[in-house]
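All remarks here apply to the structure that follows.
Bear in mind that the values in this text are calculations on the coordinates, not laboratory data. Being a predicted model, the structure only gives us computed values, none of them experimental. Ideal geometry is used to build each Cβ from the backbone, glycine not excepted, and the neighbour counts take in all protein chains shown.
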Amino acid sequence: MFDLEIEVNGKQEQVSVEADTTLLYLLRDKLGLTGSKDGCRSGDCGACVVLLDGKTVNACMVLAPQANGASVMTVEGLAKDGELHPLQRCFSESWAFQCGFCTGGMLMSCYALLKSNSNPTRDEIRAAIAGNFCRCTGYQALVTAVEQAAAELRANNV
Amino acid sequence: MKPAEFLSPTTLNDALELKHKHGAAARVIAGGTDLILRMRAQVLTPSLLIDLQHAALNNIKVSDKYLEVGASLTISEVLQNTRIEDLFPAIHMACRKFAGPPIRNRATIGGNIVNASPAADLVSPLIAYDAEIVLKSANGERTMPLVTFFTGAGKTLLKDDEILTQIRLPLSAASTNAYFIKLAQRNSMAISQLNLTTRLNLNRQGLIETARIVLGSVAAVPMRAMAAEAMLVGEKSSEDLFYAAAAQARQEVKPISDIRASREYRLQMTQVLVRRALLESIANV
């Protein structure tokens, strides 16, 4: 067993796992954070994307011990005090999802984009979600939602 | 997956000692984006994982002859490095076509080499720039041209006690007259049906002094089309010359049919894309 310390959504956690446990399993089964979805288990679909020390990763492609001492942000960390993050609200208002399975990973990839680029073009948004597959809604409404969220965030920061 | 022990040495020497002691039973893990899949499929069942992320192999520095790239640099870090973009732009182009952002944030340049996939995205541009690799063990180190490292699909000259620590790009090979093309079924998250890099260095008269045509996914290992390269050296760039070299490259590749493309398609596209890449290489001259 491997004992590790990890900060998840601002909260310090101490967990004991088998050394080849993935970060995704740790988040979902040990910590009960099921917003990161268990999709392809091969780094292809992006449904499990979280931020690891500020960078997007497929949680299914990171071994939990590799995240020892790191800081993780999952989709559960987006809303603050019960209020949705502008990205989440714009996803909802723009009908940017149907089944919702890809949404957690999509939100995290878009959140990472907006942290480094407050005014992305549609092409830049598409490049940011190149590792996230949506199999029901498509991408048009989603790209629009990100544009709207970016505009809101810019307006609020002025 | 079968449980394995996990150690995270904080120096390269500690990592080398571990590899020396445990040999083939231990696997080095960098980004893990290939290794974890193979462990999950039980293709690899190491008893020990040696994590390299704290072993200080993630820097880039310039020596008098080389740009020295640490093997643990992620694809994203390579992509963001302006020196690589300026001096070795075909490597930058390949990084842009590599999987998608979350994989690029984990996968490493060293992992892409050691994994030894015939379709590896970064290997054809690295060979095109005459990259050398540094293999270290507890007993010493050796350096070799990357092009000689591969012995078959998934097979390399890496010994059980060795770790790939560095990729050296000769500054004399730097060229912006270079181009990378990846042929795949999607723009992102796809494995190459074929990838290739062309690199030309022109002399003051505008004649081709050095030529590299390197192809992936057309043989068991990434390969140079050396007869085609030889046709270019000493010549002046022209469409006719590039057309002839591309036809020659087609004669040199040895593709197979697999789930991604047929042998015939790969042969045809070798000719089409070598010509296109050569033309793009000199487009800004």
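Brief remarks on what is shown
- Per residue, chain A reaches -9000 deg cm²/dmol at 222 nm when only DSSP H runs of four or more residues are counted, each adding -39500 (n - 2.57).
- Projected label points at A:Q98 and B:A24, each 7 Å from Cα along the beta carbon direction, are separated by 5.1 nanometres.
- For segment A:67-109, the set of chymotrypsin sites (Phe, Trp or Tyr not before Pro) satisfying both a DSSP loop assignment and a count of at most 14 other C-beta atoms within 10 Å is given as A:W95.
- Counting only other chain Cβ atoms within 10 Å of each residue's Cβ, the peptide A:59-70 averages 5.
- Taking chain A and dividing mean pair separation by its residue count, relative contact order in percent (alpha carbons under 8 Å, at least six apart): 23 percent
- Modelled this way, with points 7 Å down the Cα-to-C-beta line, the labels at B:S172 and A:R154 are 5.0 nm from one another.
- Lysines whose Cα lies under 17 Å from that of A:K115, excluding same-chain neighbours fewer than 8 positions away: A:K55, A:K80
- Test item: A:37-43 mean partner chain Cβ contacts at 10 Å: 3
- Dipole magnitude of the protein assembly as shown about its Cα centre (Cβ charges: Lys, Arg +1; Asp, Glu -1), debye to nearest 20: 1000 debye
- Average Cα contact separation per residue, chain B, under 8 Å, 6 or more apart, as relative contact order %: 16 percent
- Linear extension gain, B:Y265 paired with B:E17, 0.36 nm per residue minus alpha-carbon span: 84.6 nm
- Against the empirical 2.2 N^0.38 Å (N residues), chain B has a Cα radius of gyration ratio of 1.00.
- Cβ-based net charge around B:P255, under 12 Å, with every Lys or Arg adding one and every Asp or Glu removing one: +2
- Relative contact order, percent, segment B:60-172 [alpha-carbon distance under 8 Å, six or more residues apart]: 32 percent
- Length gained on full extension, B:S257 to B:T10, computed as 0.36 nm times the residue gap minus the Cα-Cα distance: 84.5 nm.
- Among A:C60, A:P120, B:Y129 - extreme Cα towards positive end, dipole of the protein assembly as shown, charges at beta-carbon: B:Y129
- In the protein assembly as shown, a dipole from Cβ-located charges (positive for Lys and Arg, negative for Asp and Glu) runs towards its positive end, and of A:T74, B:T148, B:M39 it is B:T148 whose Cα lies farthest in that direction.
- Distance distribution P(r), chain A, all Cα-Cα pairs, bin width 5 angstrom from 0: 2, 10, 19, 22, 20, 13, 9, 4, 1, 0 percent.
- Helix content alone sets the calculated 222 nm mean residue ellipticity of chain B: runs of n ≥ 4 DSSP H residues at -39500 (n - 2.57) each, divided across all residues, give -9000 deg cm²/dmol.
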